[in-house]
1. Looking only at the stretch B:1-57, filter to residues that are more than 14 Å from the chain's Cα centre (by Cα), part of a loop (DSSP other than H, G, I, E, B) and under 26 Å from A:Gly89 (Cα atoms); which one of those is nearest to the other protein chains (Cβ to nearest Cβ)?
2. Hey, any hits in the stretch A:8-25 for a residue that's within 13 Å of chain B (Cβ to nearest Cβ), assigned to a loop (DSSP other than H, G, I, E, B) and not β-branched (Val, Ile, Thr)?
3. Looking at this structure, is A:Glu104 within 14 Å of chain B (Cβ to nearest Cβ) and either basic (Lys, Arg) or closer than 19 Å to A:Glu19 by Cα (or both)?
4. Identify, from the list B:Glu66, B:Glu104, the residue that is closer than 24 Å to B:Leu6 by Cα, modelled with pLDDT of 90 or more and within 10 Å of chain A (Cβ to nearest Cβ).
5. Within the stretch A:178-208, can you find the residues that are part of a helix (DSSP H, G or I) and within 14 Å of chain B (Cβ to nearest Cβ)?
6. Go through the stretch A:80-122 and give me each residue that's surrounded by fewer than 18 Cβ atoms within 10 Å (Cβ to Cβ) and either modelled with pLDDT of 90 or more or outside any loop (DSSP other than H, G, I, E, B) (or both).
7. Got a sec? Which of A:Thr49, A:Thr43 is farther than 16 Å from A:Ala213 by Cα, touching a helix residue (DSSP H, G or I) at 6+ places or on another chain (Cβ under 9 Å) and assigned to a helix (DSSP H, G or I)?
Amino acid sequence: MKVFVVKDLLAANEEAARENRRLLERYGLAVINLIGGPGAGKTTLLEKTIALLGASLRFGVIEGDICTTRDAERLSRLGVEVVQINTAGACHLDAAMVGRVLGELPLADLDVVVVENVGNLVCPAEFDLGEDLKVAVLSVAEGSDKPAKYPLVFHQAKACILTKLDLLPYTDFDLAAVTEEIRRLNPALEIFPVSARTGEGMGAWCQWLLEQAQRKKQPASGCS
Amino acid sequence: MHEFALMQSLFHIIEEQAKAHGLVRVTKVKLVVGKMTMALPAALQMAFQALQRGTLAEGAELEIEEREVRFFCPACEQEFCPELPYAACPHCGHAAPHLVQGRELYLDYLEGDDEG
């Protein structure tokens with residue numbers, strides 16, 4: 001007996017992501033899913049971003065890691081609301097994991113929720129968490145070939161942050177060639193080369209993030 | 001590595017569908033996987049073998065049909081298979097065509113024995 005099913009393997013995740021999105025929309029929050037390999041500099045970028053924008057935006061952070069609460073501890077020192085998810089082995093966050101902890105954040109008192117995904121450039125790209133936009137993080141120390149080797153996250157992201165710009169003189173990373181390659185992968189992607197350590201390029205990224213958050217806060221027009 | 005999580009959700013769907021259609025044993029599972037997913041067929045097969053033990057799909061065959069990536073170019077109105085990972089239209093160079101095929105990741109059909 002043959003039974004035609006035609007059911008998406010990610011259907012359950014997508015339903016959970018829709019629920020998260022419905023909840024987050026109600027509060028007018030900009031929700032960012034930060035995706036990059038281990039050591040790409042996601043947490044340091046987030047620390048610096050919060051330090052620069054903390055006076056203008058109220059941040060909530062969801063930290064995804066396989067083990068430890070180290071990243072959450074680093075961020076809570078900045079006085080932002082942080083929730084840690086330990087995936088206990090899983091290589092990505094899924095929408096149900098995020099949904100379970102959203103209630104721990106004071107959503108009504110926030111402007112932006114950043115979900116720092118498990119360090120991995122591949123798997124997290126496949127799982128919608130209910131975010132508004134994905135941001136890909138790649139450090140110059142990881143090598144010029146990564147965007148073409150792991151294209152899905154670059155296809156799906158709205159912005160790409162090239163971190164550790166201060167290390168550029170010590171690597172063979174070709175910034176112009178990689179920027180050109182990323183543009184070929186996704187012409188709509190905003191690219192921000194930054195150094196969280198020196199602050200170089202952080203202004204343009206923060207300005208863009210601020211605009212994303214302001215756009216979400218604007219009340220829907222034309223309903224009166 | 002997330003292929004394991006994908007196969008776990010496959011087994012949830014198998015259980016649910018087998019129950020709905022009165023299957024007591026599943027002998028074949030057919031998946032469709034687009035080439036612009038990050039799911040590798042070999043890793044899906046391995047996870048399927050590992051997870052099928054003790055389920056009603058124990059011993060079942062997993063067939064995976066891969067789908068090529070296809071785009072539609074809104075400028076010159078042609079469909080094409082891109083030279084991955086780049087998506088630009090080979091006919092007119094348009095940089096942002098629409099994906100029409102390649103993100104599939106679904107259970108197509110099951111074969112099995114019913115109670116009768």
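1. Result: B:Met1.
2. yes
3. It is false that A:Glu104 is within 14 Å of chain B (Cβ to nearest Cβ) and either basic (Lys, Arg) or closer than 19 Å to A:Glu19 by Cα (or both).
4. B:Glu104
5. Once the filter is applied, which keeps residues that are part of a helix (DSSP H, G or I) and within 14 Å of chain B (Cβ to nearest Cβ), the stretch A:178-208 yields A:Val178, A:Glu180, A:Glu181, A:Ile182, A:Arg183, A:Arg184, A:Leu185.
6. A:Asn86, A:Ala96, A:Gly99, A:Arg100, A:Val101, A:Gly103, A:Glu104, A:Pro106, A:Leu107, A:Ala108, A:Asp109
7. A:Thr43
The values are calculated or read from the model by the stated rules, or taken from the named source; none is laboratory data. Computed from a predicted model, the values in this text were never measured in an experiment. A quick note on method: Cβ atoms are made from the backbone with ideal geometry, for glycine too, and the neighbour counts reach across all protein chains shown.
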